[in-house]
Every structure is written in C-alpha cells, then in structure tokens.
1. Just name the residue that is nearest to Met53 (Cα to Cα) out of those in the stretch 90-111 that are assigned to a helix (DSSP H, G or I) and either open to solvent by less than 10 Å² (accessible area, probe 1.4 Å) or at pLDDT 95 or above (or both).
2. Cβ-Cβ distance below 6 Å, separation of 6 or more or different chains: which pairs start in the stretch 89-107 with a residue that is over 24 Å from Val159 (Cβ atoms) and end on one that is not in a helix (DSSP H, G or I)?
3. Out of Ser72, Ser84, which single residue is assigned to a strand (DSSP E or B), under 14 Å from the mean Cα position of the chain (by Cα) and among the hydroxyl-bearing types (Ser, Thr, Tyr)?
4. Of all residues being touching a helix residue (DSSP H, G or I) at 6+ places or on another chain (Cβ under 6 Å) and not basic (Lys, Arg) in the stretch 113-131, which is modelled with the lowest pLDDT? Just the residue, please.
5. With Thr114, Thr171, Thr138 as the choices, which residue is hydroxyl-bearing (Ser, Thr, Tyr), over 25 Å from Thr54 (Cβ atoms) and crowded, with 16+ Cβ neighbours inside 10 Å?
6. Can you confirm whether Met133 is closer than 16 Å to Val60 by Cα, outside any helix (DSSP H, G or I) and either open to solvent by 70 Å² or more (accessible area, probe 1.4 Å) or without any contact (Cβ under 8 Å) to a residue 40 or more places away in the chain (or both)?
7. Only one of these conditions is not met by Asp163: (1) crowded, with 21+ Cβ neighbours inside 10 Å; (2) modelled with pLDDT of 95 or more. Which number is it?
Amino acid sequence: SPARSTRRLDAVSLHAARWLWSSAQNKSLNSAKLVLTIGWLAGTSDFHGVETMTYRVLIVDDQKEVSRLLRSALETIEQGLVVSEARSGEEAFLESTRAKIDLLIADFRLPGITGVELMKKFRARNPAIKVIMVTGVTDPRLVKEVAECGADAYFIKPVPMGDFLDAVERTLGLARTI
C-alpha cells in the first residue's frame with residue numbers, strides 16, 4: 001500500500017477548515033463531506049478516521065532536463081505524489097532504501113544498467129511496484145524490448161505529457177481531476 005504522510009494545517013487550510021465547519025453548522029455541507037475535506041486539508045492519516053494517500057514516485061534518468069520536465073508534469077497532478085529523482089541505477093537503489101517506491105519511472109539507457117534491468121531489480125524487492133519506461137532509442141529491436149519488458153506503460157522521447165500524465169494516473173489508480 002502507498003506510504004502515508006502527515007502535514008500540519010497551515011493558515012490557509014485552517015481558514016478553509018473554519019469556513020467548512022461554519023458551512024456544516026449552517027447545514028449547507030453535510031458532516032461526511034466536512035470530515036473528508038478537513039482530512040484532505042490536514043493531510044493526515046488519522047484525522048477522524050480519514051486517510052489520505054501519498055504515492056512515492058522515483059524518476060530515474062541521467063538527463064537532468066528530462067527528469068525535471070517529468071517532475072514538473074507530475075506536480076500538476078496534485079494528488080499526493082512525492083517525487084524523487086535519481087541519475088543512475090545505483091542512486092535509485094539508495095533512494096529506495098529511504099522509502100518504499102510506488103511508481104518507478106525509468107529511462108531505458110542509464111549509466112551501468114538498463115531501465116529494464118533496474119525494473120527487474122525493483123520488482124524482485126517489491127513485486128507490486130508500478131513501472132513506466134521512457135526511452136530515446138529508435139532502434140526497432142530496443143523499442144520492442146522496452147514495449148515487451150513488462151512495464152505498466154512506456155513512452156518514446158519526446159514524451160507526450162498528456163499521455164504520460166494519464167498513464168501515471170491510471171497506473172496509480174488516481175481519478176482524473178480535469
């Protein structure tokens with residue numbers, strides 16, 4: 001199951017929570033929606049029994065620009081994603097020892113290891129991990145290998161961001177917000 005996180009109510013969220021509470025008192029908002037909304041604002045897993053899920057995403061690409069672009073796209077989802085970046089397979093393994101990874105987004109060509117080998121190593125530790133492969137290779141044999149490697153989705157660079165975000169949401173089971 002995805003990692004859970006807690007964050008404190010900031011001033012804006014506290015103001016929103018107070019408004020929600022007054023709306024509930026005036027019967028314009030039912031109590032179930034109130035608890036769910038305040039729980040979401042609080043971001044806590046034990047706020048009146050409401051759980052908010054945080055998914056840990058690891059982007060592994062030796063090209064900093066690609067990694068930043070994917071990270072920026074993921075930040076538009078706004079549904080509890082904690083995104084980390086690694087430049088190599090070795091760095092990715094180190095990152096995975098700090099926290100359980102729910103989604104691995106890996107380039108096919110990495111220093112010292114392929115993205116497919118990296119995926120297999122991650123799945124050996126965590127069979128439930130979701131994987132999206134990204135590649136800039138155009139060799140048909142390698143594209144076929146990426147397509148058939150068992151990843152949940154794959155993309156050829158340049159990555160079409162709309163399709164990429166849809167794949168992330170589908171892979172993690174998130175509802176589309178727009």
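The values are calculated or read from the model by the stated rules, or taken from the named source; none is laboratory data. Quick caveat: nothing in here was measured; it's all calculated off a predicted structure. Cβ coordinates were reconstructed from backbone atoms using ideal geometry, including for glycine residues, and neighbour counts include every protein chain displayed. To get the accessible areas, we keep the full protein, side chains included, count just its heavy atoms, and leave off ligands, DNA and RNA. Shrake-Rupley method; radii C 1.70, N 1.55, O 1.52, S 1.80 Å.
1. Among those that are assigned to a helix (DSSP H, G or I) and either open to solvent by less than 10 Å² (accessible area, probe 1.4 Å) or at pLDDT 95 or above (or both), it is Ala92.
2. Qualifying pairs under 6 Å: Ala99/Arg56; Lys100/Ala3.
3. Of Ser72, Ser84, the one residue that is assigned to a strand (DSSP E or B), under 14 Å from the mean Cα position of the chain (by Cα) and among the hydroxyl-bearing types (Ser, Thr, Tyr) is Ser84.
4. Taking the candidates together, the pick is Ile113.
5. Numbers: Thr171 fails: over 25 Å from Thr54 (Cβ atoms); Thr138 fails: crowded, with 16+ Cβ neighbours inside 10 Å.
It is Thr114.
6. yes
7. (1)
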